[in-house]
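J.: Okay, here's the structure, questions in a sec.
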Amino acid sequence: MRRLVLEQRATPSRTFSLALPVLSAVGALILGSIPLVLIGADPIEVYRLMLTSAFGSTRGITDTLTDAMPIMLTGLAAVVTFRMNVWNIGAEGQLQIGAVTSAGVALWLGDGANTAFALVAMILAGMLGGSLYAGLVALPTATWKVDEVVLTLMMNFLSLAFINYLVFGSHSPWRDAFSISFPRGQLIPDSSRLPDLSGRLNLGFVITLVVVFLVAWLLKYTVWGYEYSVVADSRGAASFAGINQWRMIVTSFLISGGCAGLGGAVLVGGTLGAMEPRALTGLGFTGILVAALGRMSPTGVIPAAIVLSAIVSSGPDLQQIGVPAPLTVVLQGLILVVIAGGEFHLRYRLVRAGSPARQAHRESAP
Amino acid sequence: MGGSSGRLAVEMTGVSKSFFGQSALTDVDFEVRWGEVHALLGENGAGKSALCSILAGLYRADQGSIRIDGDLVDFRSPHDALNAHVGMVYQEFRLVNEFTVAENVVLGDPRLSRRLKWSELEESVAEAAAAYDIDTDPRRLVGDLSVGERQRIEILKLLHRDARVLVLDEPTSVLTPSEVRELFRSMDALRRSGRAVILISHKINELRASSDRVTIMRQGRRVAVEKLEDITNDDLTRLMVGRKIAAPRTRQAPPALDRPVLEVRGLNVTNQDGRVAVDSFDAEVHQGEILGIAGIAGNGQRELVEALAGLKPVQSGTVRLQRPGGASEEDSGDAAGAIDVTGMSPRGLIEIGIAHIPEDRRAVGVASGLDVGANLCMKSYWKEPLSRRGVMSRSAVRTLEEGLRGDFDIRGGNRNLPVSILSGGNIQKVILARELSQSPAVVIAAYPTRGLDLGAVANVRDILIGQLETGTAVVLVSEDLEELFIMSDRLIVLHAGRIMGEFEPADYDRETVGALMSGGVAAGD
């Protein structure tokens, strides 16, 4: 009997690494057909409907892109810290705080403000809010090595309670004063609303793309990005090169939080028009999925967010043919499982027991 | 013993093995007799360890057969091998520090009954130790033992399991000269008891002192089997390397300079547990001089090097640097132009001219996932032309890489491939190129040739010696006495963070220095 054992690959397989997102999606679709068959639906029909619903019409496409926007940004937020092995899983909370600050600035500026000024102020306020909220975690993490996973996770609960308080638990300016029985967020003035491009798609999408490419450029072409890559690869080498790791951790947190905060701002200035707590949950966590599907590449979050958005936004149409909408969440989860599995095979492969181990590889290396 | 005359202890025939499609062993025959110490000589990567790992059941051969005492065997695990009386002592010990000697020796022994009677076990361990002249107390914690003692426990562990073929993988690399002699005495006792001992090594002098025959391997093949008394050292080297190794470049006497480039006074450094690691360290290095620092790893070298790199806080004491010919630092320096660099940041020390060859070259010396170019600019990327206003210049990095690749003969690892795919020697050349191209005043080199094959060792030494001509001073931290004797103009011996003695080349002597390294007195043991 020959046992199968795992062996670490010398270098991650290159072709496999490029094909992985596609394989993951295909694998998830195959796995996803199991629950579909169980509820008596035809998987091919369902997938065809998902495709036409998400991309089959101008409205479908603009809806998909609109919903992709916030998760693209929270995905980017995850990428910026994850690549350095710092785990900011607080994009959720940073997005919520970004929504609070951007809505706050828009409401404070009021109706009379110059539109261009109001837009810039609202966007910057959102980024700054998210950034500072991330900064609250960055400082103890960088200074005393406090576990950032625990901190950011806790901060998510804090911000959730805070936005709920602002709208449901108090008479703050964020709450629509006339909504008595069903509390809602106060609509921001039109001068602070992001102009529509087509359908629901608004200017926020352009801003989002600019920020994605800006972060990609920062990581690839700047001195900051070079230092980032050294710290990401080897903390030891970074120390010897005199790179200030405190600074790198803090700046990456601030940028990460800024991206997530922008996600809050484009929601408030765009589709929501208000700081609406019910619409501001789950986006940060989906962002982690986006980052994973995008292979931790800053530009990779663009297609990844669009794919995930397409799956979710086709939910209502699926319901019309008798497929429950929550099934789209099941599909998302399956994709994550398949990616995690694929990621594993990128680094390891199955071999028969008694075959090489890493030690021997080192010896035979050129 | 299985010494029924005529039978071979080990007979491996036509053994081949490949890893990742790369051939590590090609059709190797290997024979060991009962009652002999058989050396296995070869450079890193020649296949010595792979061959022995197959013998000890860690890997399985792709092809070929193994006979132990004439019987055909097929080991699927080290456990199978031990049942056939074949055991191996690995370079990294597999002992539990929190256990006593006796507990470690019987750990994993399938003959143990469910109910342990420690007094009996300790007695049996003590008996086995006495039989092979191994001096140990079964009740002591392994964590309290020296490296040499731990190695003997590993051997004892095999003997207690009745191993008759013992493989020792580079056993001397961690030992002091006196411990090496003791190991050789134990090996001799094993030989006399009729067992077979296989000694993996790449140090020719050691083989001569301990072994009967030698099998020489090169690039996964067996190139010769010889009696040691029939072969000269030159021939052994030639067979092992496949070419002649040039002796290190001869060097001129260092230019006299009355003031040292680097001057360390009363340096105290603690380790992460807050214990004293470097204890009132005094030293000075002059222009064009190599100061050797001898010592067994773990005696304060790491903390000393990190303190000099600005990575560890200095508790007390001063480090002063005088750039040769640099009288321009009048503002910050004292009358003689020396600058107090104690407690400076790592970046500050780089800029002022202290370069480092760290001991852990793959984890600290390079960012192993980045390419050669990115690694070469790691100590200068913030300066023009490599970057301008916060933006890196890819073409400048490429130009730097092309220049240094030529100057330092760095081979392999094209653009965008991680530097980790390079050989150890080439990685070390990347580090040397990066550090020396900054024209440093002082280079602090920690174990710069450790684990490299002979060609690369000669190369690294040549590069360091060549650097002296530019007036650079070198601090060479090493535990290889041979290297220190060849390279150093002066030698300091470090033990438990203290300077035990200082030597001039005329007084270099293995015994004296070795005794000081292990904390003994200079008179020798």
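J.: If you count only protein heavy atoms and use a 1.4 Å probe, how large is the accessible surface of A:Phe117, to the nearest 10 Å²?
T.: A:Phe117 exposes around 120 Å² with every protein chain in place.
J.: In addition: What length, rounded to one decimal in nm, is gained on full extension from B:Tyr132 through to B:Asn83, with 0.36 nm per residue of separation minus their alpha-carbon distance? Before the final figure, lay out each step's value.
T.: Values: separation 49, 0.36 × 49 = 17.64 nm, distance 2.07 nm.
Contour length minus the Cα-Cα distance gives 15.6 nm.
J.: In addition: Gain in length, A:Arg278 to A:Met154, computed as 0.36 nm per residue apart minus the alpha-carbon separation, to one decimal in nm?
T.: Details: separation 124, 0.36 × 124 = 44.64 nm, distance 1.91 nm.
Fully extending the segment from A:Arg278 to A:Met154 adds 42.7 nm.
J.: Once whole DSSP H runs in chain A are found, which of them have Cα atoms spread over 20 Å or more along the helix axis and a mean Kyte-Doolittle score of at least 0.0?
T.: On the way: long enough: A:14-38 (37 Å, 1.79); A:58-82 (35 Å, 0.91); A:91-109 (26 Å, 0.92); A:115-144 (43 Å, 1.55); A:148-164 (24 Å, 1.61); A:204-221 (25 Å, 2.27); A:245-267 (33 Å, 1.15); A:326-347 (33 Å, 1.42).
Qualifying helices: A:14-38, A:58-82, A:91-109, A:115-144, A:148-164, A:204-221, A:245-267, A:326-347.
J.: How much of the accessible area of chain A, probe 1.4 Å, is carbon plus sulfur, in whole percent? Intermediate results must be reported in sequence, preceding the final value.
T.: Values: 11230 of 16380 Å².
Carbon and sulfur: 69 percent of the exposed surface of chain A.
J.: Between B:Ala506 and B:Asp360, how many nm apart are label points set 7 Å from Cα along the C-beta direction?
T.: Modelled inter-label distance: 4.3 nm.
J.: If I stretch the segment between B:Glu482 and B:Arg208 completely, what's the gain in nm (0.36 nm per residue apart, minus their alpha carbon distance), one decimal?
T.: Details: separation 274, 0.36 × 274 = 98.64 nm, distance 1.58 nm.
Result for the pair: 97.1 nm of gain on full extension.
J.: Between B:Leu112 and B:Thr470, what is the spin-label point distance in nm, taking each point 7 Å from the Cα along the Cα→C-beta axis?
T.: Computed distance between label sites B:Leu112 and B:Thr470 equals 5.8 nm.
J.: Enumerate the amide H contacts of B:Leu494 below 5 Å, restricted to partners 5 or more residues apart or on another chain; note that Pro and chain-start residues carry no placed amide H.
T.: It is B:Ala294, B:Gly295, B:Met500, by chain and number.
J.: Under 27 Å Cα-Cα from B:Lys203, which lysines qualify once same-chain neighbours fewer than 8 residues away are excluded?
T.: Result set, ordered by chain and number: B:Lys17, B:Lys48, B:Lys157, B:Lys227, B:Lys244, B:Lys429.
J.: How big is the dipole moment of the protein assembly as shown about its Cα centre under a simple scheme where the beta carbon of each Lys and Arg is +1, that of each Asp and Glu is -1, and everything else is neutral? Debye, nearest 20, please. Intermediate results must be reported in sequence, preceding the final value.
T.: Working: 84 positive and 94 negative charges, 530 e Å.
The dipole of the protein assembly as shown has a size of about 2540 debye.
J.: What distance in nm separates the two pseudo spin-label positions at B:Arg498 and B:Glu384, each 7 Å out from Cα along the beta-carbon direction?
T.: 5.4
J.: Would you mind giving the total buried accessible surface between chains A and B, with a 1.4 Å probe and ligands, DNA and RNA left out, rounded to the nearest 100 Å²? Numbers along the way, then the final one.
T.: On the way: alone 18050 and 24110 Å², together 38920 Å².
Chains A and B together bury approximately 3200 Å².
J.: Going by amide H atoms built from the backbone, whose H comes under 5 Å of the H on B:Leu8, apart from near neighbours?
T.: It is B:Gly70, by chain and number.
J.: Using a probe radius of 1.4 Å on heavy atoms only, what accessible surface per residue do you get for the stretch B:8-241? Whole Å² is fine.
T.: Working: 10040 Å² over 234 residues.
Normalised by residue count, the accessible surface of the stretch B:8-241 is 43 Å².
J.: I'd like the FRET efficiency for B:Gln272 and A:Asp176, computed as 1/(1 + (r/R0)^6) with the beta carbon distance as r and R0 of 41 Å, rounded to 0.05. Walk me through the intermediate numbers first.
T.: On the way: r = 57 Å, r/R0 = 1.38.
It comes out at approximately 0.15.
J.: Using only the Cα atoms of the stretch A:94-210, what are the Rg and Dmax in Å?
T.: 16.3, 48
J.: Counting Lys +1, Arg +1, Asp -1, Glu -1, what net charge surrounds A:Leu109 among other residues with beta carbon under 15 Å of its beta carbon?
T.: Values: positive: A:Arg193; negative: A:Asp111, A:Asp190.
Summing Lys and Arg as +1 and Asp and Glu as -1 gives -1.
J.: Now, a different point. Considering only protein heavy atoms and a 1.4 Å probe, what is the carbon-and-sulfur percentage of the accessible area of the stretch B:461-525? Kindly include the intermediate steps, with their values, before the conclusion.
T.: Details: 1260 of 2590 Å².
Answer for the stretch B:461-525 is 49 percent, counting heavy atoms of protein chains only.
J.: Here is a further query. Accessible area of B:Trp118, 1.4 Å probe, to the nearest 10 Å²?
T.: Ignoring ligands and nucleic acids, B:Trp118 comes out at about 90 Å².
J.: Also, I was wondering about something else. Could you work out the relative contact order of chain A? I mean the mean sequence separation of Cα pairs under 8 Å and 6+ apart, divided by the number of residues, in percent.
T.: 36
J.: At a probe size of 1.4 Å, how large is the accessible area of A:Glu45, to the nearest 10 Å²?
T.: 70
J.: Between A:Val120 and A:Ile34, what FRET efficiency follows from the Cβ-Cβ distance if R0 is 35 Å, with the result rounded to 0.05? All intermediate terms of the calculation are to be shown ahead of the outcome.
T.: Working: r = 49 Å, r/R0 = 1.40.
FRET efficiency, A:Val120 to A:Ile34: 0.10.
J.: Past the 15 angstrom mark, what percentage of all C-alpha to C-alpha distances in the stretch B:1-100 do you count?
T.: 64
J.: To the nearest 10 degrees, how steep is helix B:147-160 against the longest Cα principal axis of chain B, on a 0 to 90 scale?
T.: That helix lies at roughly 20 degrees to the long axis.
J.: Please compute the net charge surrounding A:Ala91, taking Lys and Arg as +1 and Asp and Glu as -1 over other residues with Cβ under 15 Å from its Cβ. Provide the component values of the computation, followed by the final result.
T.: Values: positive: A:Arg83; negative: A:Glu92, A:Glu148.
Summing Lys/Arg as +1 and Asp/Glu as -1 gives -1.
J.: Which Rg and Dmax, in Å, describe the Cα atoms of the protein assembly as shown?
T.: Taking only Cα atoms of the protein assembly as shown, I get Rg and Dmax of 33.2, 107 Å.
J.: Semi-axes of the equivalent ellipsoid for the stretch A:55-321, please: Cα gyration tensor eigenvalues, times 5, square-rooted, ordered largest first, whole Å.
T.: Values: eigenvalues 186, 94, 59 Å².
Taking √(5λ) for each eigenvalue gives 31, 22, 17 Å, largest first.
J.: If you don't mind, another one. So, how do all the Cα-to-Cα distances of the stretch B:399-472 break down into 10 Å bins, in percent, from 0 on up?
T.: 18, 53, 26, 2
J.: Then there's this: In the stretch B:345-393, which residues give up 50 Å² or more of accessible area once the other protein chains are added, compared with their chain alone (1.4 Å probe)?
T.: Buried-area filter returns B:Val364, B:Leu370, B:Met378, B:Tyr381, B:Met392.
The values are calculated or read from the model by the stated rules, or taken from the named source; none is laboratory data. None of these values were measured; they are calculated from a predicted model. Virtual Cβ from ideal backbone geometry, glycine too; neighbours counted across all protein chains shown. The accessibility values were calculated without ligands, DNA or RNA, using every heavy atom of the protein model including side chains. Shrake-Rupley method; radii C 1.70, N 1.55, O 1.52, S 1.80 Å.
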